[in-house]
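What follows is one structure encoded as structure tokens, with my remarks underneath.
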Ligand SMILES: Nc1ncnc2c1ncn2[C@@H]1O[C@H](COP(=O)(O)OP(=O)(O)O)[C@@H](O)[C@H]1O
Ligand SMILES: [Mg+2]
């Protein structure tokens, strides 16, 4: 199932009389880490939710390869900025997702926990674990069932450097295993470290889309210049 290229055709989206996304067109052909950047309120989270099908748009606006969102939904997962976990152990949280995805393989959850280095917190109730651990558990939940695309909404914005580093290397690893990553980030040095392609939103419009290398070497308008210098 080839779900790339992703094509967005004239995507506009309003909610409660607020025009949040305006005439967005882009195409994303490669399984790289694509960063969605932009100031607060520029529409990043809304765009991720639309790509993941949590906010509905007409069928022909978003195409994943030859498929509509509804046909690739099972191949996608999303990690929210504030992790949503059940009031149960870390193991049970993972088990819950595995059951929902009909995964019966023995030791599957152990394998996932080893991958994310969270075996040590397996039996702790998720409400007691730290922010960084919660984020890792959310990522662990998101990779259950081998998705082809993962959306991450500012996955490290509240984390200290040690967790940031660990989560960045997890993301890099996923990407190296051919999982397409879309993530929003506010952190310019993080964009430099793990981003490969960047889409920059301003007030609901795409004002820049290119590889990250070019983003950091080209001349920009004041808005992007300020973002790079002061974000
Ligand atoms: N349901 C909604 N109704 C009206 N306005 C909304 C709604 N959801 C988001 N917005 C507004 O849309 C803009 C973009 O939001 P969001 O996608 O969360 O931006 P970002 O993630 O870039 O900070 C913000 O100004 C926000 O207040
Ligand atoms: Mg957001």
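In the stretch 81-110, the qualifying residues are those that are modelled with pLDDT under 95 and within 19 Å of residue 170 (Cα to Cα), and the one that is nearest to ligand 2 (Cβ to nearest atom) is 81. Within the stretch 47-70, does at least one residue satisfy the condition of being within 13 Å of ligand 2 (Cβ to nearest atom), at pLDDT 95 or above, buried (at least 20 other Cβ atoms within 10 Å of the Cβ) and assigned to a loop (DSSP other than H, G, I, E, B)? Scanning the stretch 47-70 turns up no residue that is within 13 Å of ligand 2 (Cβ to nearest atom), at pLDDT 95 or above, buried (at least 20 other Cβ atoms within 10 Å of the Cβ) and assigned to a loop (DSSP other than H, G, I, E, B). Screening residue 120 on (1) at pLDDT 95 or above; (2) over 17 Å from residue 36 (Cβ atoms); (3) surrounded by 14 or more Cβ atoms within 10 Å (Cβ to Cβ) shows it passes everything except condition (3).
Restricting attention to the stretch 173-198 and to residues that are farther than 23 Å from residue 129 by Cβ and assigned to a helix (DSSP H, G or I), the residue that is farthest from ligand 2 (Cβ to nearest atom) turns out to be 176.
Summed over the stretch 63-100, the residues that are in contact (Cβ under 8 Å) with a residue 40 or more places away in the chain and either under 24 Å from residue 167 (Cα atoms) or touching a strand residue (DSSP E or B) at 6+ places or on another chain (Cβ under 9 Å) (or both) give a count of 22. Screening 83, 155 for residues that are under 19 Å from the mean Cα position of the chain (by Cα) and within 16 Å of ligand 1 (Cβ to nearest atom) leaves exactly one candidate, 155. Taking the residues in the stretch 199-222 that are over 18 Å from residue 30 (Cα atoms) and either within 17 Å of the chain's Cα centre (by Cα) or part of a loop (DSSP other than H, G, I, E, B) (or both) as candidates, determine which candidate is farthest from ligand 2 (Cβ to nearest atom). Here the answer is 219. Given 144, 167, which one is surrounded by 15 or more Cβ atoms within 10 Å (Cβ to Cβ), at pLDDT 95 or above and in contact with a helix residue (DSSP H, G or I) (Cβ under 7 Å, 6 or more places away or on another chain)? Being surrounded by 15 or more Cβ atoms within 10 Å (Cβ to Cβ), at pLDDT 95 or above and in contact with a helix residue (DSSP H, G or I) (Cβ under 7 Å, 6 or more places away or on another chain) holds for just one of 144, 167, which is 144. Restricting 139, 103, 150, 36 to residues that are part of a loop (DSSP other than H, G, I, E, B) and under 25 Å from residue 176 (Cβ atoms) narrows the list to 103. Of all residues in the stretch 116-137, none are within 26 Å of residue 56 (Cα to Cα) and over 16 Å from the mean Cα position of the chain (by Cα).
When the residues of the stretch 9-42 are filtered to those that are closer than 18 Å to residue 62 by Cα, surrounded by fewer than 18 Cβ atoms within 10 Å (Cβ to Cβ) and under 18 Å from the mean Cα position of the chain (by Cα), the one that is nearest to ligand 2 (Cβ to nearest atom) is 26. Only residues that are in contact (Cβ under 8 Å) with a residue 24 or more places away in the chain and either within 13 Å of ligand 1 (Cβ to nearest atom) or more than 26 Å from residue 185 (Cα to Cα) (or both) were counted in the stretch 53-62, giving 3.
The values are calculated or read from the model by the stated rules, or taken from the named source; none is laboratory data. Given the structure is predicted, the values throughout are model-derived calculations rather than measurements. Positions of Cβ are backbone-derived with ideal geometry, glycine not excepted, and every protein chain shown enters the neighbour counts.
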